[in-house]
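As structure tokens, the structure follows; a few thoughts come after it.
The values are calculated or read from the model by the stated rules, or taken from the named source; none is laboratory data. Remember, predicted model here, so these are calculated numbers, not experimental data. Counting neighbours? That spans all protein chains shown, and the Cβs are built from the backbone with ideal geometry, glycine included. To get the accessible areas, we keep the full protein, side chains included, count just its heavy atoms, and leave off ligands, DNA and RNA. Shrake-Rupley method; radii C 1.70, N 1.55, O 1.52, S 1.80 Å.
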Amino acid sequence: ERLLAPSGPLAGKHVIVTSGPTHEPIDPVRYIANRSSGRQGHAIAKAASEAGARVTLISGPVDLPDPRGVTTVHVESAREMLEAVERALPADIGIFAAAVADWRVADAGGQKIKKKEGTLPNLSLAENPDILATVSHLPQNRPALMVGFAAETENVIEHARQKLAKKGCDLIVANDVSPATGVMGGESNTVHLVTRSGIETWPTLSKTEVAERLVAHVGALIGGTEP
Ligand code: CTP
Ligand code: CA
């Protein structure tokens, strides 16, 4: 595919990015999902590729084209996303931006649930695997640098710190998505980079700018091979 050896701060690195929502079937026509356009994750995949990395993008259902020069794997559910990530390993860096549904319907059937007067369907839920935590805790094959996201509606920094600890990743990109900020699904993002050594807050940037800056930051942390 590439005519020239890649150059740039992430040359020689394999980066796995997750993006978009997951869809968890209730029946063949209905699903549970999180809100996510996939724009931030896709922008990160593109920026990492432009920085010279080999990029595998594992994407839930989104309305976006596959970024050029990036190997894109399309999945629906959280369990499929985890499988695709495991197949894509080993990698140097994982950047998990997907809005993964926390629960799935335990016994999703093969037939459409019919509406019946006076009764409600009884949906029992099962917890989905936590992809970020699973990969961050791998005894072997753990990427050297694991980055997660945290979209919060309150106590942004505190929640991000807790997620960093619980999930075992190296960096959390946290942003405030409370309705008042109007950020959810929007074009721009005000993010805080939370690590074990502190917090860095960036000005409000477009999703493309956040992606480029994050890739540069990650490149500096990992010590990419300069041509
Ligand atoms: N994540 C994941 N797999 C899941 C849930 C979340 O990989 N099943 C990842 C997301 O891609 C994100 C990070 O974990 O990078 C944080 O997701 P978030 O939903 O904010 O965290 P949760 O632990 O699910 O907490 P909550 O939804 O209760 O805030
Ligand atoms: Ca969640």
Restricting to segment 123-151, and then to whatever is assigned to a loop (DSSP other than H, G, I, E, B), more than 15 Å from ligand 2 (Cβ to nearest atom) and touching a strand residue (DSSP E or B) at 6+ places or on another chain (Cβ under 9 Å), can you tell me which residue is least open to solvent (accessible area, probe 1.4 Å)? Pro143
Can you give me the number of residues within segment 40-55 that are crowded, with 23+ Cβ neighbours inside 10 Å and within 23 Å of Ala78 (Cα to Cα)? 7
Could you count how many residues in segment 7-36 are within 12 Å of ligand 1 (Cβ to nearest atom), under 23 Å from Ser136 (Cα atoms) and open to solvent by 10 Å² or more (accessible area, probe 1.4 Å)? 2
Does segment 63-112 hold any residues that are of a type outside the set (S, T, N, Q), free of Cβ contacts under 8 Å to residues at least 24 places away in the same chain, away from ligand 1 (no atom under 16 Å from the Cβ) and open to solvent by less than 90 Å² (accessible area, probe 1.4 Å), and which are they? Asp66
Hey, could you check segment 122-135 for residues that are without any contact (Cβ under 8 Å) to a residue 60 or more places away in the chain and away from ligand 1 (no atom under 16 Å from the Cβ) and say which is nearest to His23 (Cα to Cα)? Ser124
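Would you mind stating whether Glu154 is within 16 Å of ligand 1 (Cβ to nearest atom), in a loop (DSSP other than H, G, I, E, B) and open to solvent by 70 Å² or more (accessible area, probe 1.4 Å)?
Yes; evaluated as a whole, the condition is true for this residue.
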